[in-house]
Amino acid sequence: MSNCLFCRIVSGEIPSTKVYEDEICLAFRDIAPMAPTHVLVIPKEHISGVSAVTAENAAIAGHCIAVCAKVAELEGLENGFRVVSNCGDDAGQTVPHLHFHVLGGRKLSLEMA
Ligand code: 5GP
Ligand code: ZN
């Protein structure tokens with residue numbers, strides 16, 4: 001997906017501040033952080049969002065969740081953290097490539113909507 005922003009970050013065409021990488025996932029700092037730690041965890045394979053997660057690619061999405069936990073550990077979020085994935089217009093998804101926001105480093109608001 002050459003026109004996908006996050007695919008271009010995976011390929012290195014667009015630079016990012018990497019926090020963690022393996023053969024399946026990439027984790028990098030959000031360009032507009034909303035908390036002291038704000039990292040995006042994405043699959044290297046293009047999946048458009050949670051609504052496109054199927055039995056076939058669920059292992060990739062599951063690995064991303066495990067990487068969220070790894071990132072929280074690397075970032076020292078022992079007091080807790082939040083994982084968010086916006087899906088579709090009503091949720092405010094702006095980049096149509098599956099991503100999990102890992103937020104922490106302060107007491108987070110309990111507002112969900
Ligand atoms: P969404 O709104 O789709 O849930 O999340 C997209 C996130 O990507 C936003 O938090 C936004 O700040 C982040 N973002 C957008 N463009 C870039 C970029 O070029 N680099 C990085 N590191 N983050 C980006
Ligand atoms: Zn993509």
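Starting from residues that are outside any loop (DSSP other than H, G, I, E, B) and of a type in the set (Val, Ile, Thr), keep the ones in segment 40-52 and report whichever is surrounded by the most Cβ atoms within 10 Å (Cβ to Cβ).
Per the stated criteria, the residue is Val41.
Asn86: over 11 Å from His101 (Cα atoms), modelled with pLDDT of 95 or more and in a loop (DSSP other than H, G, I, E, B), yes or no? Before you say what the answer is, go through the steps one by one.
Numbers: over 11 Å from His101 (Cα atoms): no; modelled with pLDDT of 95 or more: yes; in a loop (DSSP other than H, G, I, E, B): yes.
Taking the combined requirement at face value, the residue does not satisfy it.
Quick check on Thr37: is it of a type outside the set (A, V, I, L, M, F, W, C), within 14 Å of Val102 (Cβ to Cβ) and buried (at least 17 other Cβ atoms within 10 Å of the Cβ)?
yes
For Asn3, only one of the following conditions fails: (1) touching a helix residue (DSSP H, G or I) at 6+ places or on another chain (Cβ under 7 Å); (2) within 11 Å of ligand 2 (Cβ to nearest atom); (3) in a loop (DSSP other than H, G, I, E, B). What is its number?
Evaluating Asn3 over (1) touching a helix residue (DSSP H, G or I) at 6+ places or on another chain (Cβ under 7 Å); (2) within 11 Å of ligand 2 (Cβ to nearest atom); (3) in a loop (DSSP other than H, G, I, E, B) leaves (1) as the failure.
Checking the condition over 13 Å from the mean Cα position of the chain (by Cα), away from ligand 2 (no atom under 16 Å from the Cβ), part of a helix (DSSP H, G or I) and over 19 Å from Gly12 (Cα atoms), which residue from Ala55, Ala35, Ala59, Ala69 passes?
The conditions single out Ala59.
Return the total of residues in segment 27-53 being out of contact with any Ser or Thr (no Cβ under 8 Å at 6 or more places or on another chain), within 11 Å of ligand 1 (Cβ to nearest atom) and free of Cβ contacts under 8 Å to residues at least 24 places away in the same chain.
3
The values are calculated or read from the model by the stated rules, or taken from the named source; none is laboratory data. Model, not experiment: these values are computed from the prediction. Reconstructed Cβ throughout: ideal geometry from the backbone, glycine too, with neighbour counts over all protein chains shown.
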